[in-house]
Amino acid sequence: MAQVSFQDAGGRLYGEMQKCIIYIQNHPDQDITMEDLAGRMAYAPIQLSYLFDLFFEKSLEEWDIEKIRAYQGKGKIPYERVIDKENTEICFVRRREQKIVAESILSEKEKSQKGSFLEAAMEKVEEHAKDNWRKRTSTEERMLFWWHDSEYRFHFLSGREQSKNEGKERGERETFEVVLEASDYAVFTWKENFTGRAAESMLKMVLKYALCDWETENQIWYDQNKIYFISYENGKYYVYMPLQKRIQENYKIKSTKQERKIYGLNEWIDYIDEHIKEELTAKNLATVFGYSERHFRNVFQIYYDIKLNDYIRRRKLYFAAQELKKGKKPETVARQYAFKSSSRFSRAFHEEYGMTPEKYYKEEFRNEEWIRYIDEHMKEELTAEQLAKEFHYSKDHFRKEFQDVFGMGPITYITQRKVQFAAKALREGKLPAEVGKEYGFCSRNGFDKAFRRVFYTSPAKYARAGAKVVNLDRYYSEYKDKIKISYIDMDEIKMAGWTIIANRREADIPAQLAFWLDEHSPQYRKLNALTGEEKGRDKIALWYQEKENIEYILGPIVESFDNLPEDAFQVTIAAGRYAVFESDQENDMENLPETVRMFARCVLYGWIREHRDELSLQRLTFERYTSQKMYLYVPVSEKGTGGNERKDEKNFEKQSEK
């Protein structure tokens with residue numbers, strides 16, 4: 001067989017065209033037609049004609065076949081292509097699922113009246129745009145793409161997004177309804193300053209680079225199970241190539257109205273810090289991150305173990321305190337960090353730091369020499385006599401001067417200052433017992449009393465509610481080895497249950513799970529009543545969307561949906577292959593909230609980021625609770641084995657029972 005070389009070959013389209021040329025070269029006595037090649041290549045003739053014209057910029061009939069055959073065995077063909085990627089512009093966008101109403105430009109039974117499929121299609125979409133302009137109506141995005149019907153007849157379609165309550169578009173030609181699945185796309189177009197060539201020529205340049213070169217150059221792979229398409233919008237063409245994996249950094253999201261950056265879970269905290277001087281609300285943050293408000297509040301609390309509004313408030317106060325230390329006046333800082341009034345800022349600051357911002361500001365700037373000395377010797381046992389001697393005062397005179405400046409005696413001030421430093425250490429993650437000892441408190445009880453006098457709460461509670469949150473990447477690296485994974489082929493499951501989000505508002509879901517799964521709680525008995533069994537069956541928990549709301553549902557596995565309470569949710573979990581995760585603990589229920597958070601951080605954040613190509617997003621992710629253990633099921637494709645042991649569902653359940 002002849003060896004055919006293409007200049008800088010590598011992409012899928014190169015490979016397909018190479019096979020065409022090899023077939024022609026190795027059948028010298030055969031009168032080759034496009035139907036012959038299409039049958040050999042498993043293409044519809046109309047689609048292969050389109051690709052042939054796109055790649056070689058001429059039809060098969062226009063080729064000098066004998067010239068191609070003359071190169072047999074020489075490893076060359078009479079064709080060279082210069083890759084023009086310098087004039088190609090690329091970005092990444094995420095598109096939601098869209099229902100497209102489309103009509104056929106060409107079908108298998110037709111031939112283009114033009115010399116080029118692309119030229120005919122471009123004329124069609126541009127005519128639509130001109131019609132809209134003449135009617136003074138808004139110009140819609142038009143798409144061009146290949147599609148086959150249920151009988152595998154191929155059509156080259158031109159379509160637009162179907163509006164709500166709209167049926168098929170009526171026109172002279174047959175119309176089709178096609179679903180473009182949600183996906184991340186690599187989007188290709190030509191640069192704004194690249195002119196001087198016809199639009200068809202520039203679009204072909206972009207298409208060839210997208211189909212031939214970009215994938216192998218960047219090792220980012222297209223999803224062959226989704227439709228790639230050409231988009232015409234605002235007078236310009238774009239090529240959308242669906243990707244197998246999500247792109248996490250520096251890319252845009254596509255909607256009908258705007259393009260905006262997508263933020264991963266690990267970027268939420270950075271975004272809040274970057275915009276901390278703005279009026280941040282759960283509603284506007286949810287919009288930025290692509291969630292409903294309530295769902296975003298609940299997800300944030302699962303991953304970061306703090307309510308969203310509490311976190312925003314504490315971060316604002318933390319940054320405000322730094323500004324006060326720099327010498328800015330409290331009223332200026334209150335405006336700078338978008339507090340609605342100085343009095344609200346003062347109350348919030350006092351609750352967090354145990355003093356008003358005015359007092360905090362004055363303490364930082366009154367007699368800095370004394371404060372600096374105390375701070376530098378904070379971990380030592382300081383006395384009034386020692387300070388008086390250091391600053392060349394008599395003991396009584398120093399006490400009087402100190403009282404006049406700070407409004408309290410030196411020992412009271414030193415104790416309060418130690419508590420403030422201790423609070424900072426607690427916010428950095430140190431343990432209360434360790435911090436109390438470090439700052440010279442003689443007993444845990446003494447540290448607790450001193451801390452309560454300043455912050456009106458215990459050191460342990462203050463540490464749990466600190467403004468800093470877990471670093472997800474660091475957490476995943478530290479805890480991922482505590483989780484085991486196996487793969488199973490599971491039959492379909494039916495479950496019924498109720499939302500565990502009280503009043504359908506913001507909730508600490510891990511804590512709610514622990515409450516509902518407590519065998520002594522009325523909620524646990526309520527769940528068991530669904531199956532009519534005192535002991536109850538395995539419980540399933542999952543996120544479930546009902547109309548506009550996203551609920552967190554908990555309930556038992558049921559045989560059928562007959563005779564269930566009217567207010568119970570009914571969910572069918574599809575059969576298929578699942579990655580099943582479990583902890584290395586014998587009993588997950590002893591500290592269930594922390595176990596749930598560990599699974600969320602290590603699996604739903606960490607593992608999924610590293611194994612996106614294994615996921616099957618058409619099925620639900622869910623938790624299964626049985627025999628004091630929690631198992632997290634993540635749907636994967638058939639190739640999702642990861643080299644780990646495979647198990648079937650029956651064997652897995654036997655292991656769970658043990």
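The rule of thumb for compact globular proteins, 2.2 N^0.38 Å, goes into the C-alpha radius of gyration of the range 355-446 1.12 times. On the beta carbon distance between Tyr393 and Ser341, with R0 = 41 Å, the FRET formula returns roughly 0.50. With a cap of 13 neighbouring Cβ atoms within 10 Å, and only residues DSSP puts in a loop, list the GluC sites (Glu not before Pro) found in the range 535-577. Of the GluC sites (Glu not before Pro), the ones in loops of the range 535-577 whose Cβ has at most 13 other Cβ atoms within 10 Å are Glu548, Glu559, Glu566. Note on Glu293 and Glu97: with the Förster distance fixed at 25 Å, the Cβ-Cβ geometry gives a FRET efficiency of about 0.70.
Taking a spot 7 Å from the Cα of Glu331 along the direction of its beta carbon, which residues of the range 339-356 have an amide N less than 17 Å from it? The answer is 339-347, whose backbone nitrogens lie closer than 17 Å to the label point.
Which of Lys326/Lys424; Lys307/Lys328; Lys389/Lys430 have a Cα-Cα distance over 22 Å? The answer is Lys307/Lys328; Lys389/Lys430.
Legend: calculated FRET efficiency, Ser443 to Glu385, from the Cβ-Cβ distance at R0 = 25 Å, rounded to 0.05, equals 0.60.
Pairs with C-alpha atoms separated by more than 19 Å, drawn from the list Lys379/Lys437; Lys316/Lys340; Lys19/Lys204; Lys325/Lys418; Lys19/Lys58; Lys494/Lys539, are Lys19/Lys204. Site pair Ala529 and Glu278 shows an inter-label distance of 4.7 nm when each label is modelled 7 Å from Cα along Cα→Cβ. Consider a paramagnetic label point 7 Å from the Cα of Asn87 along Cα→Cβ; state which residues of the range 203-220 have an amide N under 16 Å from it. Taking a point 7 Å out along Cα→Cβ of Asn87, the residues of the range 203-220 whose backbone N falls under 16 Å are 203-210.
May I ask you to list the residues of the range 480-523 whose amide nitrogen lies under 19 Å from a point 7 Å from Cα along the Cα→beta-carbon direction of Glu559? Of the residues in the range 480-523, 491-497 have backbone N under 19 Å from the label point off Glu559. Between their Cα atoms, which of Lys480/Lys629; Lys277/Lys482; Lys236/Lys277 are more than 29 Å away from each other? With Cα atoms farther than 29 Å apart: Lys277/Lys482; Lys236/Lys277. The 1.4 Å probe gives accessible areas that order Asp149, Asp489, largest first, as Asp489, Asp149.
The values are calculated or read from the model by the stated rules, or taken from the named source; none is laboratory data. Not measured: the values here are computed from a predicted model. No Cβ is skipped: glycine too gets one built from the backbone with ideal geometry, and neighbour counts run over all protein chains shown. Heads up: the accessible areas ignore ligands, DNA and RNA and are worked out on the full protein's heavy atoms, side chains in. Shrake-Rupley method; radii C 1.70, N 1.55, O 1.52, S 1.80 Å.
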